[in-house]
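The next block holds one structure in the form of structure tokens; read it before the comments.
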């Protein structure tokens with residue numbers, strides 16, 4: 001599997017890329033701050049959900065990476081905003097019944113976050129190089145909002161795919 005560069009266009013079917021590159025922006029606070037506005041469609045209101053803000057600390061994964069499980073959140077989106085300047089890997093597959101042939105891999109670089117749209121299959125956090133911290137915005141509230149699928153055959157991603 002080839003790992004693609006993470007861009008708004010390449011990732012659009014799976015959600016939003018959270019970055020100031022190409023974003024609508026304008027000065028605020030008497031011109032001392034630049035606001036990069038409305039970067040992701042946070043979607044958590046199903047079944048009276050509410051936004052949750054969490055801090056996650058991801059341990060670095062090693063190549064070759066064996067993908068054995070994917071997950072999705074049917075009741076809300078899930079945004080990952082890195083606090084570290086480390087690259088990380090984003091693995092996704094389209095909504096609907098999981099199909100391993102739909103797996104896509106993206107390399108997120110410093111300054112890029114992702115917002116997985118509701119129902120998009122994705123792998124758990126894949127930090128690279130060193131421990132990395134992320135702010136995560138997702139859905140809290142009643143109802144089951146995490147479904148997992150075990151792959152019949154693991155998918156292996158090698159470092160040469162970078």
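The values are calculated or read from the model by the stated rules, or taken from the named source; none is laboratory data. In this text, all values refer to a predicted model and were calculated from it rather than measured experimentally. Positions of Cβ are generated from backbone atoms using ideal geometry, with glycine treated the same way; all protein chains shown enter the neighbour counts.
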**OP:** Select from the range 110-127 the residues that are at pLDDT 95 or above and not in a strand (DSSP E or B) and write down the one among them that is nearest to residue 60 (Cα to Cα).
**Re:** 125
**OP:** Filter the range 9-47 for residues that are surrounded by 11 or more Cβ atoms within 10 Å (Cβ to Cβ), at pLDDT 95 or above and assigned to a helix (DSSP H, G or I) and give the result.
**Re:** 10, 11
Original post:
Filter the range 75-85 for residues that are assigned to a loop (DSSP other than H, G, I, E, B) and at pLDDT 95 or above; which is surrounded by the most Cβ atoms within 10 Å (Cβ to Cβ)?
Top reply: 76
Original post:
Exactly one of (1) over 14 Å from the mean Cα position of the chain (by Cα); (2) buried (at least 18 other Cβ atoms within 10 Å of the Cβ) is unmet by residue 72. Its number?
Top reply: (1)
Original post:
Restricting attention to the range 57-65, does a residue exist that is under 21 Å from residue 121 (Cβ atoms), touching a residue at least 12 places away in the same chain (Cβ under 8 Å) and not in a loop (DSSP other than H, G, I, E, B)?
Top reply: yes
Original post:
Any residue at all in the range 86-95 that is under 15 Å from the mean Cα position of the chain (by Cα), farther than 18 Å from residue 122 by Cβ and part of a strand (DSSP E or B)?
Top reply: no
Original post:
In the range 131-162, how many residues are farther than 20 Å from residue 73 by Cβ, at pLDDT 95 or above and in a loop (DSSP other than H, G, I, E, B)?
Top reply: 1
